[in-house]
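Worksheet: one structure, shown below.
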Amino acid sequence: MKKEISKLIEVSRFYGRQKEFVIGGGGNTSFKNDKYLWIKASGRSLENIDEDGFALLSRERLQRMRSEKYPDDPVNREKEVKNDLIRSLVDPAEGRRPSVETLLHDSLEFRYVVHTHPTMVNAIMCSREAGKTITRFFKDDAIFVEYTGPGYVLWGVVDQRITKFKEKHGKHPPVIFLENHGLIVGADNIEDIKELHYRIIETIIPESDKSLRIEEKTADLRITEILPAIRMMMVGEGAQTAGIRNNSLIAYYSESVERFREVSIPAIPDMVVFCKPSWLYIESTDSVQDIINETQNKINDFKIKHNYYPKILVLKNMGVIGLEENSHSLNILLDLFENLLKVNHYAKKFSGFKPLTQEQIKFINEWEVEKFRRKLFKEGSSPGVLQNKIAVVTGGAQGFGAGIVKGLIEEGASVVVADILVEKGNMLVDMLNKSAISAGALFVETDVSNEKSVENMVFETVKKFGGIDILISNAGVLQAGSLEEMDTEIFDFVTSVNYKGYFNCTRQVSKVMKLQNRFMPDEFFNIIQINSKSGLTGSNKNFAYAGSKFGGIGLTQSFALELADWHIKVNSICPGNYFEGPLWSDPGTGLFVQYLEAGKVNGAKTVEDVKRYYESQVPMGRGCSIEDVMVAIRYAVEQKYETGQAIAVTGGQIMLR
């Protein structure tokens, strides 16, 4: 990799990971030498970009585009420009579509160019006297460009302004401010890029409203009765996830319809692309049913009026609800909306807020380039039965549970890791959320044997994702021992987690699933208990564990009968021994050690002796793997007929009759 490209990646990630500069990895960056231009490809994210995220173009071919005569009709013009940009690629077969800002970046004389949308800058760019404010702050060190249609037209206007600036000042402007859009900074090294950004922000901050202090607000407990219903109203329209956010800033704008109107129109193109041009305000604050009824009626009226469904709902005194395909997309949606509130607030110090016009919004919303960007934004999830499902995995912080969590994430699900192991759970979720394929993960500290803890698990899940499609009741403990060795305290502990914990989780989660069924009666939901082969046959000197698992299958069959009317399928998966996980292999507390010490395997003198014995009991000659269980989970979710079943995944060790 060229040193310059390594630096380009560095500066791209530096700004791409700061919400104060870009949201959702947006913005744009480029590097050029005499022959080539490297620019972020359309639809790529600055946040985690690597060398493959940049399109490589011939500057000679781009120069020819400058003298090309394109049609006046915007649709045909942008189509021809797009085709010429693709022809300017060094290797079109790589399939990276050049950014619409390619010509603009090529026009700037600096080797590095960074285009961002800083909140503090856009407080001025989205104000009524943006041009005057920029002149007052930066005088002859920058140029200001009134709002211009994006793409080729924007390049033409900026190019003319640069020419005039150079004629007047004898130098190229290092800073360009774009009305209702953002900031472009150019330099020959990334250190100067960072220094320019620092000076710009430090110039603006003293003139802004320093009184804004955003404090988180406690979510209304009624959201568990509201969000799943709203999500189901929209799930058929691609909104698989719904999340609510509330803080002191959101509370101010949600307090009345008059305040909501202040922020009811997009201010920058990204808001049109990701949030759509309009959103809803729900005024009812009375009963849960009144809120749901008003929401449903307004969504239907909104669709008739706008020919699309809203992605943003503001609930009076409750917060803002976002509706998207998955949690990753939802976070970007809510971040953009909250950023609009900040821009509106700060713009009041700069002569007042100025949103986009309806004509500007219409062009962006219908522009083929932005439709392409929306499409790319939604791509990347692997199609399958688990894609965009919301799953809760108890005992998901380590071992078998962590393997299931990773498997669900790999197949496109949003996952809640519910466990008592806080450090391990947070580490797992942090790792998953950094993955490019992650639809979103959340850790909730949960003791399944405690009903209040399980209630909180459901509350946090609904607040983050909007509902629950799949419960995987995996939390379990095993302490082996004979009748002489087992005391009642240990017996009660095993039973409380394995048996009562399954009941607690099913009781609370089924409430959400029943509500979802009211608004989407054809949809199926799944409760899956990870049981054990010990739930199918007795286990010598392991009766506490086996008894709790036998009881779990009894619960599964009974729950299945009770919940079938709500399309809630309840099944148990009974894996064989997972020899590689900590349950078996932990050198201090694993079952191999426990069974060796308990003398459960006659003649065994080492842990390896115990392991070989158990492997020899399996006709398929090995222990159960996580992928074996994932196959069973996919089957249990995909099929729409079987419920109350114990699905054996034992390699033939246990054969059901």
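The values are calculated or read from the model by the stated rules, or taken from the named source; none is laboratory data. What you see is a predicted model; the values in this text were computed from it and never measured. Ideal geometry is used to build each Cβ from the backbone, glycine not excepted, and the neighbour counts take in all protein chains shown. The accessibility values were calculated without ligands, DNA or RNA, using every heavy atom of the protein model including side chains. Shrake-Rupley method; radii C 1.70, N 1.55, O 1.52, S 1.80 Å.
Does Ile568 fit the bill of being open to solvent by less than 30 Å² (accessible area, probe 1.4 Å), over 26 Å from Thr488 (Cβ atoms) and in contact with a Leu (Cβ under 8 Å, 6 or more places away or on another chain)? Give the derivation first.
Values: open to solvent by less than 30 Å² (accessible area, probe 1.4 Å): yes; over 26 Å from Thr488 (Cβ atoms): yes; in contact with a Leu (Cβ under 8 Å, 6 or more places away or on another chain): no.
In short, no.
Is it true that Arg128 is over 29 Å from Val75 (Cα atoms), open to solvent by 30 Å² or more (accessible area, probe 1.4 Å) and basic (Lys, Arg)? It is true that Arg128 is over 29 Å from Val75 (Cα atoms), open to solvent by 30 Å² or more (accessible area, probe 1.4 Å) and basic (Lys, Arg). Residues of segment 295-326 that are farther than 20 Å from Gly243 by Cβ and of a type outside the set (Lys, Arg): Asn297, Asn300, Asp301, Ile304, His306, Asn307. When Glu216, Glu207, Glu225 are checked against the criterion of being over 31 Å from the mean Cα position of the chain (by Cα) and open to solvent by 20 Å² or more (accessible area, probe 1.4 Å), Glu207 stands alone in meeting it. Between Leu183, Leu196, Leu154, the distinction of being open to solvent by less than 30 Å² (accessible area, probe 1.4 Å) and modelled with pLDDT under 95 belongs to Leu154 only. Residues in segment 294-315 that are touching a residue at least 60 places away in the same chain (Cβ under 8 Å), hydroxyl-bearing (Ser, Thr, Tyr) and either surrounded by fewer than 20 Cβ atoms within 10 Å (Cβ to Cβ) or out of contact with any helix residue (DSSP H, G or I) (no Cβ under 9 Å at 6 or more places or on another chain) (or both): Tyr309 only. In segment 79-95, which residues are touching a residue at least 40 places away in the same chain (Cβ under 8 Å) and either open to solvent by 30 Å² or more (accessible area, probe 1.4 Å) or closer than 16 Å to Asp52 by Cα (or both)? Lys79, Lys82, Val90 - these are the residues of segment 79-95 that are touching a residue at least 40 places away in the same chain (Cβ under 8 Å) and either open to solvent by 30 Å² or more (accessible area, probe 1.4 Å) or closer than 16 Å to Asp52 by Cα (or both).
Screening Leu333 with (1) of a type outside the set (Ser, Thr, Tyr); (2) under 25 Å from Ile250 (Cα atoms); (3) modelled with pLDDT of 95 or more gives one miss only, at (3). Residues that are assigned to a helix (DSSP H, G or I) and of a type outside the set (Val, Ile, Thr) within segment 620-651 comprise Glu627, Asp628, Met630, Ala632, Arg634, Tyr635, Ala636, Glu638, listed in sequence order.
Considering only residues of segment 265-277 that are open to solvent by less than 30 Å² (accessible area, probe 1.4 Å), part of a loop (DSSP other than H, G, I, E, B) and in contact with a strand residue (DSSP E or B) (Cβ under 9 Å, 6 or more places away or on another chain), which is nearest to Leu341 (Cα to Cα)? Before the answer, list the steps.
Filtering segment 265-277 down to residues open to solvent by less than 30 Å² (accessible area, probe 1.4 Å) leaves 266-275, 277.
Checking which are part of a loop (DSSP other than H, G, I, E, B) leaves us with 266-268, 277.
Then drop every residue that is not in contact with a strand residue (DSSP E or B) (Cβ under 9 Å, 6 or more places away or on another chain), which leaves 267-268.
Numbers: Ala267: 10, Ile268: 12 Å.
Step by step, filter segment 265-277, then rank; the result is Ala267.
Going residue by residue through segment 635-646, is there one that turns out to be hydrophobic (A, V, I, L, M, F, W, C), over 31 Å from the mean Cα position of the chain (by Cα), under 17 Å from Thr506 (Cβ atoms) and open to solvent by 20 Å² or more (accessible area, probe 1.4 Å)? Checking segment 635-646: at least one residue is hydrophobic (A, V, I, L, M, F, W, C), over 31 Å from the mean Cα position of the chain (by Cα), under 17 Å from Thr506 (Cβ atoms) and open to solvent by 20 Å² or more (accessible area, probe 1.4 Å).
If you take the residues in segment 536-565 that are open to solvent by less than 50 Å² (accessible area, probe 1.4 Å) and of a type in the set (Val, Ile, Thr), which one is farthest from Gln516 (Cα to Cα)?
Initially, segment 536-565 is screened for residues open to solvent by less than 50 Å² (accessible area, probe 1.4 Å), giving 536, 539, 542, 544-549, 551-556, 559-560, 563-564.
Pick out the ones that are also of a type in the set (Val, Ile, Thr) and you get 553, 556.
On the way: Ile553: 25, Thr556: 21 Å.
Per the stated criteria, the residue is Ile553.
Name every residue in segment 103-118 that is modelled with pLDDT under 95, open to solvent by 10 Å² or more (accessible area, probe 1.4 Å) and either assigned to a loop (DSSP other than H, G, I, E, B) or farther than 18 Å from Arg161 by Cα (or both), in order of residue number. Hit for segment 103-118 is Glu109, nothing else.
In segment 236-264, which residues are polar (S, T, N, Q), under 22 Å from the mean Cα position of the chain (by Cα) and open to solvent by 30 Å² or more (accessible area, probe 1.4 Å)? Let's see the steps before the verdict.
Here is the first cut: in segment 236-264, the ones polar (S, T, N, Q) are 240-241, 246-248, 254, 256, 264.
Retained after the next criterion (residues that are under 22 Å from the mean Cα position of the chain (by Cα)): 240-241, 246-247.
Gln240 - this is the single residue of segment 236-264 that is polar (S, T, N, Q), under 22 Å from the mean Cα position of the chain (by Cα) and open to solvent by 30 Å² or more (accessible area, probe 1.4 Å).
Looking only at residues in segment 223-237 that are among the charged types (D, E, K, R) and in contact with a strand residue (DSSP E or B) (Cβ under 9 Å, 6 or more places away or on another chain), which one is farthest from Asn317 (Cα to Cα)? Step through it out loud before you land on a result.
So the first thing to find is which residues in segment 223-237 are among the charged types (D, E, K, R), and the list is 225, 231, 237.
This time we only want the ones that are in contact with a strand residue (DSSP E or B) (Cβ under 9 Å, 6 or more places away or on another chain), so: 231, 237.
Values: Arg231: 19, Glu237: 26 Å.
Of everything passing the filter in segment 223-237, Glu237 is farthest from Asn317 (Cα to Cα).
Residues in segment 131-142 that are more than 23 Å from Glu20 (Cβ to Cβ) and either surrounded by 23 or more Cβ atoms within 10 Å (Cβ to Cβ) or among the hydroxyl-bearing types (Ser, Thr, Tyr) (or both): 1 in all.
Filtering segment 584-597 down to residues that are among the small types (Gly, Ala, Ser) and open to solvent by 30 Å² or more (accessible area, probe 1.4 Å), which residue is modelled with the highest pLDDT? Step through it out loud before you land on a result.
The initial filter retains those residues of segment 584-597 that are among the small types (Gly, Ala, Ser), namely 585, 588, 590.
Of the ones still in play, those that are also open to solvent by 30 Å² or more (accessible area, probe 1.4 Å) are 585, 588.
Values: Ser585: 85, Gly588: 88.
Ranking the candidates gives Gly588 first.
Looking at the structure I just gave you, is Arg231 in contact with a Ser or Thr (Cβ under 9 Å, 6 or more places away or on another chain), open to solvent by less than 30 Å² (accessible area, probe 1.4 Å) and charged (D, E, K, R)? Yes; evaluated as a whole, the condition is true for this residue. Hey, could you check segment 410-432 for residues that are crowded, with 22+ Cβ neighbours inside 10 Å and of a type in the set (A, V, I, L, M) and say which is farthest from Met457 (Cα to Cα)? Per the criteria, the residue is Leu432.
Beta carbons closer than 6 Å, at least 6 apart along the sequence or on distinct chains, pair a first residue in segment 540-559 that is free of Cβ contacts under 8 Å to residues at least 24 places away in the same chain with a second that is of a type outside the set (Lys, Arg) for Ala546/Ser534; Ala546/Gly538; Ala546/Ser539; Phe550/Gly535.
Within segment 70-108, the residues that satisfy the criterion of being in contact with an Asp or Glu (Cβ under 9 Å, 6 or more places away or on another chain) and under 23 Å from Gly27 (Cα atoms) are Glu78, Lys79, Val81, Lys82, Asp84, Ser88, Glu94, Arg96, Val100, Leu103, Leu104, Ser107. Could you check segment 612-630 and list, in sequence order, the residues that are modelled with pLDDT of 90 or more, over 39 Å from the mean Cα position of the chain (by Cα) and open to solvent by less than 60 Å² (accessible area, probe 1.4 Å)? Residue satisfying the conditions is Val618 alone.
Scan segment 578-600 residue by residue and report those that are of a type in the set (S, T, N, Q) and within 16 Å of Ala402 (Cα to Cα).
Ser585
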